[in-house]
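First the structure, in the form of structure tokens, and then the observations on it.
The values are calculated or read from the model by the stated rules, or taken from the named source; none is laboratory data. Bear in mind the structure is a predicted one, so any value in this text is a computation, not a measurement. All Cβ positions, even for glycine, are placed from backbone atoms using ideal geometry, and neighbour counts span all protein chains on display.
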Amino acid sequence: MLPGDYIAMKLSGEILTSETGLSEGIFWDFKENGISKALLKQMEIPMEWIPEVVPSFSVQGRVHEEAALETGLEKGIPISYRAGDQPNNAFSLHVLKPGELATTAGTSGTVYGVCNTPLYDPKSRVNTFVHVNHKKELPSYGVLLCVNGTGILNSWLKNLLGGTSVSYEEMNRLASEAPVGSGNLTFLPFGNGVERILQNTPLGAHLMGLDLLKHSKAHVLRAAQEGIVAALTFGFKIMRGMGMDLQTVKAGHANMFLSPLFRQTFVEMNQVSLELYATDGAQGAARGAGIGLEIFKDEEHAFKGLDLLETLEPSSSQSEAYEAVYSQWLHRLTQLNSTLT
């Protein structure tokens, strides 16, 4: 049972799930477009253990009396939407059609791209899910790239450099003072557990090329941001190799995307357009619940108030410099483990 399914059960007393939830739990047969009977047989899981499957957008129960007393919520409030964190983040950015992508850069960093065929990576370096708007007659899938060591590296550096006495804004300003490439300093940001894109290799975080006579705080901070984006770029190339169309990426104006340097590096290194929106996962969930309750007549109506703040385009004058940064990052990654590329 996924966390959302469990919370819905505690609120309503009903045990239900969704197609996207089953795919996140690895219970979905993408070829048959249904629950994997072969997996259930192999794992000796009776079919009756699988909860009733409900659409992501639908009335799926109501807050019962006991939950109302425990939470202070009004009895009878309908539960009308459920989704995992990354499918919901993509939905919050109105990423629903093939070729559309969503990205986040919080504790971990993700890119989630939508396609209408169940694409997959033979090495399982990225994951494919059923997307929230999936229908049997109109399939929709989400391919998820995840880098665990993203914002957590930035917060680790903040604590190292002074904690509450230094702000992220100040760190971003300092980082922008260093040149592109951080003076040949490279950060491999894999210090938050094993990484799926590295085939679960316990690589750890590495700061490589440090010159004590040349490098300053600014170089280290920039190298961290460039290293995080390079890790996302590594995953981007996996997704492109699967046949995904990666041209325009959408992000909420939050977390590391608050950094102008991070945004520029993301756009230049991946050669994509980046659209920044004033939204977050909570707003997406509210819109989803509104669709489930038929407050909104359709998805387009639900997203009428979604504000596009800024669109960033790659610059041809910067592309070679950032390509060189990524090439050096990849070379140093390969130095540590040649089996990863």
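For the reader, a short list of remarks on this structure follows.
- Unmet requirement for Thr103, which otherwise passes all of (1) in a strand (DSSP E or B); (2) surrounded by fewer than 24 Cβ atoms within 10 Å (Cβ to Cβ); (3) of a type in the set (Ser, Thr, Tyr): (2)
- Taking (1) assigned to a loop (DSSP other than H, G, I, E, B); (2) loosely packed, with under 14 Cβ neighbours inside 10 Å in turn, Gly149 satisfies each apart from (2).
- Residue in region 228-248 that is outside the structural domain of Val59 (by TED's automatic domain parsing) and closer than 29 Å to Ser80 by Cβ present: no
- Exactly one residue among Asp5, Asp29 is free of Cβ contacts under 8 Å to residues at least 12 places away in the same chain and outside the structural domain of His134 (by TED's automatic domain parsing), and that residue is Asp29.
Yes/no matrix, rows are residues, columns are (1) crowded, with 23+ Cβ neighbours inside 10 Å; (2) within 16 Å of the chain's Cα centre (by Cα); (3) part of a helix (DSSP H, G or I); (4) of a type outside the set (Phe, Trp, Tyr):
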| residue | (1), (2), (3), (4) |
| --- | --- |
| Phe234 | no, yes, yes, no |
| Val249 | yes, yes, no, yes |
| Arg263 | no, yes, yes, yes |
| Glu275 | no, yes, no, yes |
| Thr279 | yes, yes, no, yes |
| Glu294 | no, no, no, yes |
